[in-house]
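Here the structure is laid out as C-alpha cells; the discussion comes afterwards.
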Amino acid sequence: MARDRVFPTNMGMIIDIYGKAGLLHESLLWVKYMKIRGIFPDEVTMKIVLQVLKDVGEFDRVDRFYKDWGMGRVQLENLEFESVELDSVMASMSLKHFLSTEFFKVGGRILPSKILSSNEQGSNRKPLMVATYNILIDLYGKAGCLEDASDAFAEMLRLGVEPDIVTFNTMIHICGSHGHLSESLSLLNKMEEKGFKPDTKTYNFLSLYNDVGDIEVVFKSYRKIKESRLYPDTMTYRTIV
C-alpha cells in the first residue's frame, strides 16, 4: 500500500489482528502510528482498541482512552506500559522502527484534506454503536463499577442506541451479582417488552437466588430453560448440582 501511495484512513483491522494474536504492545503501536499520521480513530477503531485493552484487564486504560476519544484526543501516555518482557521489548523496538520509517521512506504523506484531525472531529462525541456500549458495560461490570455501567446503559438509551440481547444479559448479570435482584427482574421484563427472547445466559442470572437461599427460583429458571427448548450450559448444571 505504501509503495503504491495508498495510505490507510484507519487501522482498526490491523489493531484487532495484533490484539487477537496476543501482541498487546505491538497492537497499540498502530494506534500511535495513527496519531503520528494525524489519523483520528473512528468509532469502529476506538471500539477495537477498547476490546483489546479489556481482554487483558486494562480497565483503567479503557476508561481513559474512551473518555479521551470523546474529547477528540488520543493521549499516547495512556498506551505506555512500564512492565514489558524483554522479548516483547525487542519486538516492539523492531516494530517502532518500522512505524517510524517504512511508511515514510517510500515518499509522500497523507494530503492535508485526508487527515482526520481531532479538531475536525470535534469534541464531546458519543458512540452510536451498540457493540461499543456492550464493551463498556461489560468492562464496568467486571471492574465492579455498577454506577458507571448503569450510566453507560442510560446514555445509550438517551441517544437512541437500541440495546441488544447482549446488552440486557450483561446488565441483568451485573445488577444481580451486586445484589440488586429486583433490578435484574425489571430488566428481564424490559428485555421481553423489547421483543428479545431470553436465552440460557439470561436465565442463569437466577442462579444468584441460590446465594440468598431461594432454591425454588433456581429450579424455576431451570424449568424455563427446558420449556423454552434451550440447552443448559455448564453454569446451569453447576448451579443445580
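The values are calculated or read from the model by the stated rules, or taken from the named source; none is laboratory data. All values reported here derive from a predicted model rather than from experimental measurement. All Cβ positions, even for glycine, are placed from backbone atoms using ideal geometry, and neighbour counts span all protein chains on display. Surface accessibility is based on the protein's heavy atoms, side chains included, excluding ligands, DNA and RNA. Shrake-Rupley method; radii C 1.70, N 1.55, O 1.52, S 1.80 Å.
Here are a few things to note about the model shown:
- Residues that are assigned to a helix (DSSP H, G or I), modelled with pLDDT of 85 or more and either open to solvent by less than 20 Å² (accessible area, probe 1.4 Å) or not hydrophobic (A, V, I, L, M, F, W, C) (or both), drawn from the range 35-45: GLU43, THR45
- Per-region count, the range 167-181, residues small (Gly, Ala, Ser), on the phi < 0 side of the Ramachandran plot and open to solvent by 20 Å² or more (accessible area, probe 1.4 Å): 1
- Among the residues of the range 191-219, the one identified as over 17 Å from LEU230 (Cα atoms), acidic (Asp, Glu) and under 28 Å from the mean Cα position of the chain (by Cα) is GLU193.
- Single residue of the range 140-157 satisfying the filter (without any contact (Cβ under 8 Å) to a residue 24 or more places away in the chain and either in contact with a strand residue (DSSP E or B) (Cβ under 7 Å, 6 or more places away or on another chain) or closer than 15 Å to MET129 by Cβ (or both)) that is surrounded by the most Cβ atoms within 10 Å (Cβ to Cβ): ALA152
- The residues of the range 1-28 that are in a helix (DSSP H, G or I) and of a type outside the set (Asp, Glu), listed by number, are GLY12, MET13, ILE14, ILE15, ILE17, TYR18, GLY19, LYS20, LEU24, HIS25, SER27, LEU28.
- Hits in the range 204-239 (condition: open to solvent by 50 Å² or more (accessible area, probe 1.4 Å), over 18 Å from ILE165 (Cα atoms) and of a type outside the set (D, E, K, R)): ASN210, VAL212, GLY213, ILE215, PHE219, TYR222, THR234, MET235, TYR237
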